[in-house]
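J.: One structure is given below, represented as C-alpha cells, and several questions about it will come after.
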Amino acid sequence: MSGRNQALRNLSSAQVRQTLPRVERALTFTEDERSAADAQDWLHYSPEGECVLDGPLRVWRTAAENGSGLCGLAVHVS
C-alpha cells in the first residue's frame, strides 16, 4: 500500500493581511523569472484556464480584500 503525507495550514484573516506583502514579493516575477517559470510549467490549460503561477497570489489578494482567512492542504502520495 502506498504511503501518504498530509499537511494542513490555516491562516486567520489578520494573518492573511499581515503576510500579503511578503507573498506579493515572493510571487511577483520579473519578465525573465516569469519566462523561466513558464518554461517549467508542464500543465496544459484550457483557453479560460488560469496559470498555476497566477492563482495563488490572486486568491491571497482576494482573501485579504474580503477579510477572509485561508486554508491550504498538501497531500503527497507515494
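The values are calculated or read from the model by the stated rules, or taken from the named source; none is laboratory data. Remember, predicted model here, so these are calculated numbers, not experimental data. Quick reminder, even Gly has a Cβ in these numbers, built from the backbone with ideal geometry, and neighbours come from all protein chains shown. All accessible areas refer to the heavy atoms of the entire protein, side chains included, with ligands and DNA or RNA removed. Shrake-Rupley method; radii C 1.70, N 1.55, O 1.52, S 1.80 Å.
J.: Of the residues that make up the stretch 38-48, is at least one touching a strand residue (DSSP E or B) at 6+ places or on another chain (Cβ under 8 Å) and without any contact (Cβ under 8 Å) to a residue 24 or more places away in the chain?
T.: No; the residues of the stretch 38-48 include none that is touching a strand residue (DSSP E or B) at 6+ places or on another chain (Cβ under 8 Å) and without any contact (Cβ under 8 Å) to a residue 24 or more places away in the chain.
J.: Criterion first (open to solvent by 50 Å² or more (accessible area, probe 1.4 Å) and at pLDDT below 95) does E48 satisfy it?
T.: So E48 passes the test.
J.: Which residue out of R34, R17, R58 is within 13 Å of the chain's Cα centre (by Cα), more than 21 Å from H76 (Cβ to Cβ), in a helix (DSSP H, G or I) and modelled with pLDDT of 90 or more?
T.: Sole residue among the options that is within 13 Å of the chain's Cα centre (by Cα), more than 21 Å from H76 (Cβ to Cβ), in a helix (DSSP H, G or I) and modelled with pLDDT of 90 or more: R58.
J.: What pairs come out if I take residues in the stretch 9-35 that are open to solvent by 90 Å² or more (accessible area, probe 1.4 Å) and pair them with residues that are of a type in the set (A, V, I, L, M) whose C-beta lies under 6 Å away, six or more apart or interchain?
T.: R17/A64
J.: Let me ask something else about it. Considering only the stretch 61-78, how many residues are in a helix (DSSP H, G or I), touching a residue at least 12 places away in the same chain (Cβ under 8 Å) and open to solvent by 70 Å² or more (accessible area, probe 1.4 Å)?
T.: 1
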